[in-house]
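Undergrad: First the structure, then my questions, so here it is.
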């Protein structure tokens, strides 16, 4: 008779132990994220830059290298599933939040529309083509599966072409550029760039999971389009009606509205998962269809946004850091390819935006500033390469190289803008 009780007690002890080590991970991650964010601000960087770097340093690249036993105690005493689930849950909420931040009203300015489209297209097409070709050069000689090589090239190309709109927005606020023509063109081009980038990611993900089965691929694309149309034509009016009834104002949101939004976001995420693409697309789409609800956006920022960025975002960065091993780039050829990725990604993104801005009437300094702003990748690229890594189409070494590129392209933006804005 004592055996069942002992089993229950042992199970309770195991669950308490799992909780203990999960809380240990979370406490260290949140504390380190705050420290990294504060240090980054003191260095004139966005707080997200510090959180990304701290997340990388918590992984095998530094913590696991200098203190392997302590690293194992902190991150290997508990199974990885709790951290994985929390990072993915946070990513769904974060993508909803990012979708809310898209402001398409800038595109109503006729005088800026041509410049916006030129910058968006040039900063998307040129790095995409360059990333695709560079990836084929990197993987082609070593790959025996053409489909795998193509999938890798598509993911790398998409990572090259993306711009981190949330980080760029923070940087532009810091430099008081949000109301200038320069700022309007840059943020609008970045918005178009990101929308197309996410559509590309959905497309290449669909292509990867369909394994080049044309019928399955067409069906998945059809289901994605059906989901997008249903979101815009059916879910959006219903949500807007519910928001008007709840009437969020002055940063306040009724519990029923918040609960309803969470249910809708989670349901949309489950739907895109069932379609065969990642759950984050569902969360992102729900944010995009509500971008013009200013009172809701403000209320979400006040009630939920801070918690998402302080708690969930560092978890995602650390989860990325645990997969990143800079020490894994042990050969000279690895660092050669890494430098090639840095150079090609930065030069094609900056160059495309610069040339398009010059053609649109901007001077050398303004065009250079637009080039650096469009080159800001940060969070967006990390999301893309994590998707590719989860699908198995991006190798650990390529993953590490792309993480380094994401950090580099973001870190250089702020000092570059300061240099351009100095009086001659």
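Undergrad: Return the total of residues in the range 214-264 being within 24 Å of the chain's Cα centre (by Cα) and over 21 Å from residue 202 (Cα atoms).
TA: The total comes to 4.
Undergrad: Let me ask another. Sort through 299, 357, 345 and tell me the only one that's buried (at least 21 other Cβ atoms within 10 Å of the Cβ), closer than 21 Å to residue 165 by Cα, touching a strand residue (DSSP E or B) at 6+ places or on another chain (Cβ under 7 Å) and in contact (Cβ under 8 Å) with a residue 12 or more places away in the chain.
TA: On the way: 357 fails: touching a strand residue (DSSP E or B) at 6+ places or on another chain (Cβ under 7 Å); 345 fails: touching a strand residue (DSSP E or B) at 6+ places or on another chain (Cβ under 7 Å).
The conditions single out 299.
Undergrad: Continuing with the same structure: Of everything in the range 268-302, what is at pLDDT below 85 and part of a loop (DSSP other than H, G, I, E, B)? Give them in sequence order.
TA: Selection gives 276, 277, 278, 279, 291, 292.
Undergrad: Inspect all residues belonging to the range 172-190 and state whether any of them is modelled with pLDDT of 90 or more and at negative phi.
TA: No; the residues of the range 172-190 include none that is modelled with pLDDT of 90 or more and at negative phi.
Undergrad: How many residues does the range 309-342 hold that are crowded, with 19+ Cβ neighbours inside 10 Å, in contact with a helix residue (DSSP H, G or I) (Cβ under 7 Å, 6 or more places away or on another chain) and under 27 Å from residue 290 (Cα atoms)?
TA: Here the count works out to 6.
Undergrad: Further, regarding this structure: Sort out which residues of the range 150-167 are at pLDDT 80 or above and assigned to a helix (DSSP H, G or I), and write them in order of number. Break it down into steps so the answer makes sense when it comes.
TA: Step one: of the range 150-167, the residues at pLDDT 80 or above are 150-163.
Answer for the range 150-167, where residues must be at pLDDT 80 or above and assigned to a helix (DSSP H, G or I): 150, 151, 152, 153, 154, 155, 156, 157, 158, 159, 160, 161.
Undergrad: So in the range 86-127, with the set limited to residues that are at pLDDT below 80 and within 24 Å of residue 154 (Cα to Cα), which one is surrounded by the most Cβ atoms within 10 Å (Cβ to Cβ)?
TA: Here the residue is 98.
Undergrad: Kindly establish whether residue 383 is in a helix (DSSP H, G or I) and at pLDDT 90 or above.
TA: The answer is no for residue 383.
Undergrad: When residues of the range 22-63 are filtered for being part of a loop (DSSP other than H, G, I, E, B), surrounded by fewer than 16 Cβ atoms within 10 Å (Cβ to Cβ) and touching a residue at least 40 places away in the same chain (Cβ under 8 Å), how many remain?
TA: Taking the range 22-63 first, the residues part of a loop (DSSP other than H, G, I, E, B) are 43-46, 58-62.
Add one more test, that the residue is surrounded by fewer than 16 Cβ atoms within 10 Å (Cβ to Cβ), and what stays is 43-44.
Filter again for touching a residue at least 40 places away in the same chain (Cβ under 8 Å), leaving 44.
Total meeting the criteria: 1.
Undergrad: Out of the residues in the range 175-196 meeting the condition of being in a helix (DSSP H, G or I) and either under 15 Å from residue 224 (Cα atoms) or without any contact (Cβ under 8 Å) to a residue 40 or more places away in the chain (or both), tell me which one is farthest from the chain's Cα centre (by Cα).
TA: Within the range 175-196, the match that is farthest from the chain's Cα centre (by Cα) is 183.
Undergrad: Given the conditions (1) farther than 16 Å from residue 413 by Cβ; (2) crowded, with 21+ Cβ neighbours inside 10 Å; (3) modelled with pLDDT of 80 or more, which single one is not true for residue 222?
TA: The number of the failed condition is (2).
Undergrad: Name the single residue, out of those in the range 388-399 being part of a helix (DSSP H, G or I) and crowded, with 23+ Cβ neighbours inside 10 Å, that is nearest to the chain's Cα centre (by Cα).
TA: Filtering first and then ranking leaves 388.
The values are calculated or read from the model by the stated rules, or taken from the named source; none is laboratory data. What you see is a predicted model, and the numbers here were worked out from it, not measured in a lab. Counting neighbours? That spans all protein chains shown, and the Cβs are built from the backbone with ideal geometry, glycine included.
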